[in-house]
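In what follows, a single structure is set out as structure tokens and then discussed.
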Amino acid sequence: MTTLLELKDVVVGYGRIEALHGLSFTVEEGEIVSLIGANGAGKTTTMKAISGLLNLSRGSILFDGQDITRMKAHVRVARGISQAPEGRGIFPGMTVLENLDMGTYGRKDRTGVKEDLERVFALFPRLAERRSQVGGTMSGGEQQMLAIGRALMGHPRLLLLDEPSMGLAPQFIRQIFRIIAEINEQGTTILLVEQNANQALARADRAFVLETGTITHSGSGRELLTDPAIKEAYLGVA
Amino acid sequence: MSAIGGGTPTPTARTVQELDQEESFGGRRRFLGGWRRRWNRMARWQQWLFLIIVLAAIYYLPVANPWLITTEPGNDFPISCFQMAVYALVGVGLNVVVGFAGLLDLGYIAFFAIGSYTAAFFTSPDSAVIHIPYLWTLPLAIGIAMVFGVALGLPTLRLRGDYLAIVTLGFGEIIRILATIIPAAKGQVGFKEVGHPPGTDSQGHPIFSVSNGTPWYWLAVTVIIVILMLVGNLERSRVGRAWIAIREDEDAAEIMGVPTFKFKLWAFAIGAGIGGLSGALFAGQVGFVNNQKFDVATSMLFVAAVVLGGSGNKVGALLGGAIVAYIPLRFTAIADYKYLIFGVILIVLMIFRPQGLVAAKSHLLTYSRVVADRVRELRSARGAPSRGTPVRPAAHAADESTRGGAE
């Protein structure tokens, strides 16, 4: 396995307030890696640093062996990093199809678009049914599907999922995670951050626990699921 | 052209039912929404005929000087028409910035001023700079205003929302104050006898004169038509898609691979260029430029025009500009209260029709025309196709929708 993404001692701050204090971890090609943590632990900050929406104050990010620390977000998309942002972040006034079309914006190849669209429609049949519906009028779960589908339209090597289960009904959460696993089986590396630790750990090859900007625990998903400290803090089991 | 709409026959095809639904969504919109639907349903020749009639009426307007509509005796009607046209052009330009890219520019008057001064510098006998024919100052004004637009945009477009608005407001003031304190700009004394396009009538008087607004109006309307076509093409291109995405959600656009900064800068530069062009036209007709016309209040009036007409819709912005210019010219008794009146109008509008007179479409402007065509065809061939019939996808919708202004 080769290392696809590597964060080295990453520090990100908002003004003077540091949100990440020297974060280091790697994501290997083909893995699902989960980052779990409470509100304000720095999960979304980590995601934005990787996708390029936030600048680093220190440290570096390597993607596929290349330093992308200073690379603009829209260039990183072309390199193969796609993000489904927190709070879904779809274009509310555009239809499903137009949203998916926006996902191909940074692509140079036009030939693979059709296959990717078919792949997205196969993963999310609901999107195919609703293709001409305006994004903002869809339910939370559907918007989440659209956000993930749109990110896949960029044909990423690394898919960043920021809280894919946020605000979803339990049956939707299970469904989303099943689809995430399926996307991974099709060959896309996945890094996801979650508050819903149970599902995130169960599906992950490896996982990290983030607390106020630093990693406190790491291990395979299964290890962390059975770790008593994690159980108590994140799984709601005493 | 959208990549998805382009090459995929079955998955992107819409069903008749979906099209019908879309129709009924349109039907729920009242007022001008109904007009758009009716327009989209017209055959191409009908649209052309309609456009030609409207254009003929627009060109004929100052000559007809219709009763009730006329601004006389308070203001000369052809000159009033010209001023409306200039404001309409300003509306179209500012709409690129505010409406398309969603960047609130409160200092747009600065570009108008830059255009006016460009025309004055290079044509007025009061100016020491080399003199060039007036018509050459029009592209020059566009170019110089664009340079200023980029110069303002480069450091400031990293700001968002309110912050950007404040900086642009400051920029508007800076340009006005510079015009006052730089000796070469001649402050309140200004520049007289700004140039005009060539040509004389049978008595040897120039056709484009300060007292005759009609030829100026025709020039301005022609310029507007050209600009509308250019802007319309941009709107339907990759650039237009990027602008709509930026307006809807800038971060999301960036992580879709849209170089947001670059496209915001383009919106700023294009808007500035159109502002400069309108300023140069205005300076030519009035024949005199000094520092008195470029205040913040006029900037606000420009924004009001765009919002009133329908931010994000070029026809709306055009209409808004014309209305904002027309009302104080027509109703001279209330002209002094125009800011009060527009304020009240805007508040009422925000309550009852927040999208403006002509609503913008946040769609990517790719499908609507094709969809309307399909529905009409299917309606006329009623009976055979119904649910689940695959419809030709929006292939080459871009070429099909390159017709006239109203989208």
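Coordinate-derived values only; no laboratory data. Just so you know, these numbers come straight off a predicted model, no measurement behind them. Cβ: placed from backbone, ideal geometry, glycine included. Neighbour counts: every protein chain shown.
Observations
- Residue-count net charge about A:GLY80 - beta-carbon cut-off 9 Å; Lys, Arg +1, Asp, Glu -1: +2
- Evaluated at q = 0.13, 0.14, 0.17, 0.20 Å⁻¹, a Debye calculation over the C-alpha positions of the range B:189-238 (equal weights, vacuum) places log10 I(q)/I(0) at -0.49, -0.54, -0.67, -0.78.
- Amide H contacts of A:ALA19 (H built 1.01 Å from N, under 5 Å, at least 5 apart or other chain): A:VAL12, A:GLY13, A:TYR14
- Neighbourhood charge, 14 Å Cβ-Cβ cut-off, centred on A:MET138 and excluding it, Lys, Arg +1 and Asp, Glu -1: +2
- Each residue of the range B:330-337 is assigned a 3J(HN,Hα), and the resulting list reads 6, 9, 4, 4, 9, 4, 5, 9 Hz, derived from the Karplus form 6.51 cos²θ - 1.76 cosθ + 1.60 (θ = phi - 60°), x at Gly and Pro.
- Chain A: relative contact order in percent, alpha carbon pairs under 8 Å with at least 6 residues between: 27 percent
- Subtracting the Cα-Cα distance of A:ASP64 and A:LYS108 from 0.36 nm times their residue separation leaves 13.9 nm of extension gain.
- Full-stretch length increase - B:ALA128, B:LEU230 - with 0.36 nm per residue and alpha-carbon distance subtracted: 33.2 nm
- Relative contact order (%) - the range B:115-169, alpha-carbon pairs under 8 angstrom, separation at least six: 27 percent
- 3J(HN,Hα) along the range A:162-179: 9, 6, x, 9, 4, x, 9, 5, x, 5, 5, 4, 4, 5, 4, 5, 5, 5 Hz, from the Karplus curve 6.51 cos²θ - 1.76 cosθ + 1.60 with θ = phi - 60°, whole Hz, x for Gly and Pro.
- Long-range HN-HN contacts of A:THR189 with modeled amide H, under 5 Å: A:GLY30, A:LEU159
- Under Stokes-Einstein, with the Kirkwood radius over Cα pairs as Rh, the value for the protein assembly as shown at 10 °C and 1.306 mPa s is 58 µm²/s.
- 3J(HN,Hα) along the range B:149-154: x, 5, 4, 6, x, 3 Hz, from the Karplus curve 6.51 cos²θ - 1.76 cosθ + 1.60 with θ = phi - 60°, whole Hz, x for Gly and Pro.
- Enclosing the Cα atoms of the range A:80-236 in their convex hull gives a volume equal to 114 cubic angstrom per residue.
- Overall dimensions of the range B:57-119 by Cα: Rg and Dmax, Å: 15.0, 41
- The simple spin-label model puts a point 7 Å past each Cα toward its Cβ; for B:SER209 and B:GLN46 those points are separated by 4.6 nm.
- Loop trypsin sites (Lys or Arg not before Pro), the range A:1-102 (other Cβ atoms within 10 Å of the site Cβ: 12 or fewer; DSSP): A:ARG16, A:ARG70
- Between B:VAL296 and B:ILE182, the simple spin-label model (points 7 angstrom out along Cα→Cβ) gives 2.2 nm.
- DSSP-defined beta bridges in the protein assembly as shown - what % are antiparallel, rounded to 5: 60 percent
- Helix-only [θ]222 nm of the protein assembly as shown, DSSP H runs n ≥ 4, -39500 (n - 2.57) each, per residue, nearest 500: -17000 deg cm²/dmol
- Kirkwood analysis of the range A:1-159, using all unique Cα-Cα pairs, places the hydrodynamic radius at 16.6 Å.
- Extended-chain gain in nm, criterion 0.36 nm per residue less alpha-carbon gap, B:ARG353 and B:TYR59: 102.8 nm
- Per residue, the convex hull volume that the Cα atoms of the range B:246-298 enclose (Å³): 101 Å³
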